[in-house]
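Following: one structure in structure tokens, then a few remarks.
We did not get these values from a lab; they are worked out from the coordinates using the rules stated. As the structure is a prediction and not an experimental result, all values here were calculated from the model. When we count neighbours, we look across all protein chains shown, and the Cβ atoms used for this are built from the backbone with ideal geometry, even at glycine.
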């Protein structure tokens with residue numbers, strides 16, 4: 001399906017339903033699709049499950065979505081940070097569910113969802129609290145834990161540039177979760193700094209091919 | 001690099017470290033510990049430095065070490081922290097601190113970054129710890145306190161992924177209890193994964209035969225043995 005180039009972030013997030021699982025890219029603020037998250041706050045979908053490396057920083061972006069009481073559950077690797085007071089308060093008062101996942105398992109479970117893998121055996125976390133209750137198997141003398149994919153209804157990601165077909169390139173460590181999340185959601189929405197003419201991205205350098213991308217919006221502050 | 005090379009070089013370095021440190025007569029500060037770790041990292045190794053004290057190791061690597069630093073958020077050949085005027089919000093380390101890139105740097109996404117780690121391609125990772133057991137079990141992600149918010153980040157992936165896992169920690173907690181213990185009481189990060197422990201009072205190798213102090217600072221092995229419940233191998 002052809003990518004939709006959206007004029008505004010509000011158009012890009014239209015139709016996200018209550019109860020959706022939303023994959024949110026970014027590691028700290030690098031690669032965080034802040035304008036899409038702000039638009040999701042205005043859009044109003046609630047009872048969301050958010051999958052992201054962190055659980056919000058400061059009072060903006062993901063933290064603001066949490067503060068609005070719109071998120072039922074967070075699946076992340078590292079909620080506790082010096083500036084995660086919004087999440088901390090919700091968690092301590094029992095108003096949000098948390099599933100802590102080792103960071104590599106988070107990435108690989110998302111990758112598996114996008115790659116059509118039913119589940120996979122992974123050594124990370126074997127014998128720890130985070131593997132409790134999970135199936136294990138000995139392979140060549142090592143214990144592996146069965147891990148299931150994490151699929152999104154929606155992915156919100158930040159990229160550096162898109163062409164008009166929706167091919168994406170990233171910049172430096174802002175790439176982080178973007179490329180795997182782009183493969184693993186029904187509707188993939190990318191916020192980019194610049195939309196360039198088709199043909200002007202080096203095909204050898206495209207990181208996320210257009211097949212994965214449904215909607216693209218250029219950041220308003222740069223438009 | 002292969003594991004044997006790391007092992008051989010590290011052992012040689014550890015011996016020279018021990019010789020140099022004998023008679024130093026005082027517990028090490030965190031920079032001295034970081035310098036010790038840096039001296040044991042072979043030239044050209046691919047290394048991940050954990051958040052916190054392990055980050056200091058980078059400051060003690062010789063400029064020509066050829067060591068390639070990996071950061072879990074998707075980069076090899078990470079450079080030093082960014083100075084004023086060099087800060088780029090798109091370029092941070094695992095602690096979200098702005099950093100720089102060195103010539104030969106490469107970027108990759110998170111699944112690749114952790115595949116690289118889990119797949120045994122990193123020669124060494126250096127991590128902090130709450131506790132290490134005599135079998136090399138590591139506890140460094142969660143205090144287990146009922147009101148603590150659990151946060152694991154990449155700790156479990158690093159613990160089981162790198163060819164060699166070095167830990168940097170003080171040997172005793174603030175309340176005086178040893179952090180090198182027969183069994184970890186804090187929730188585990190990984191089982192049997194730690195190879196060497198650098199502390200302010202001694203360096204320990206965790207071997208299949210048991211724990212061996214390879215260097216001590218201001219104390220004797222006998223004095224340490226009295227304060228630790230973990231049996232120490234004697235030469």
Averaged across the residues of B:117-127, what count of C-beta atoms belonging to other chains lies within 10 Å of each residue's C-beta?
1
Extent along principal axes [Cα atoms of the protein assembly as shown; Å; largest to smallest]:
72, 47, 44
How much mean residue ellipticity at 222 nm does chain A get from its helices, if each DSSP H run of length 4 or more adds -39500 (n - 2.57) and you divide by all residues, to the nearest 500 deg cm²/dmol?
-5000 deg cm²/dmol
On Cα atoms only, tilt of B:3-21 relative to the major axis of chain B in degrees
60 degrees
So what does log10 I(q)/I(0) come out to for the range A:99-159 at q = 0.12, 0.19, 0.30 Å⁻¹, using the Debye formula with one equal point on every Cα and no solvent?
-0.32, -0.72, -1.34
Once you keep just the Cα pairs under 8 angstrom separated by 6 or more residues, what percentage relative contact order results for chain B?
20 percent
In peptide B:64-75, how many Cβ atoms from other protein chains are near each Cβ within 10 Å, on average?
3
Going by how many other Cβ atoms sit within 10 Å of their own, how do B:164, B:212, A:134 line up, fewest first?
A:134, B:212, B:164
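How much mean residue ellipticity at 222 nm does chain B get from its helices, if each DSSP H run of length 4 or more adds -39500 (n - 2.57) and you divide by all residues, to the nearest 500 deg cm²/dmol?
Calculated at 222 nm, the ellipticity per residue is -6500 deg cm²/dmol.
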Please report the spacing between the Cα centers of the range B:34-74 and the range A:64-105 in Å, no decimals.
32 Å
Could you work out, for the range A:4-222, what percent of all Cα-Cα pairs fall into each 5 Å distance bin, beginning at 0 Å and stopping at the bin that holds the largest distance?
1, 7, 15, 19, 19, 16, 11, 7, 3, 2, 0, 0
Note down the relative contact order for the range A:4-222 as a percent, whole number, built from C-alpha pairs under 8 angstrom at least six residues apart.
23 percent
Percentage relative contact order, the range A:1-134, counting C-alpha pairs under 8 Å, at least six apart:
18 percent
Kirkwood hydrodynamic radius of chain B, from inverse mean 1/r over distinct Cα pairs, in Å:
18.2 Å
Please average, across the residues of A:178-185, the number of beta carbons from any other chain that are within 10 Å of each residue's own beta carbon, and give a whole number.
2
Go through B:70-78, A:152-160, B:214-222 and give me the packing order, highest mean Cβ count within 10 Å leading.
A:152-160, B:70-78, B:214-222
By per-residue mean of other Cβ atoms within 10 Å, what is the highest-first order of A:190-197, B:141-148, B:153-160?
B:153-160, A:190-197, B:141-148
Does anyone have the angle between helix A:103-115 and the longest principal axis of chain A? Alpha-carbon axes, 0 to 90°, nearest 10?
60 degrees
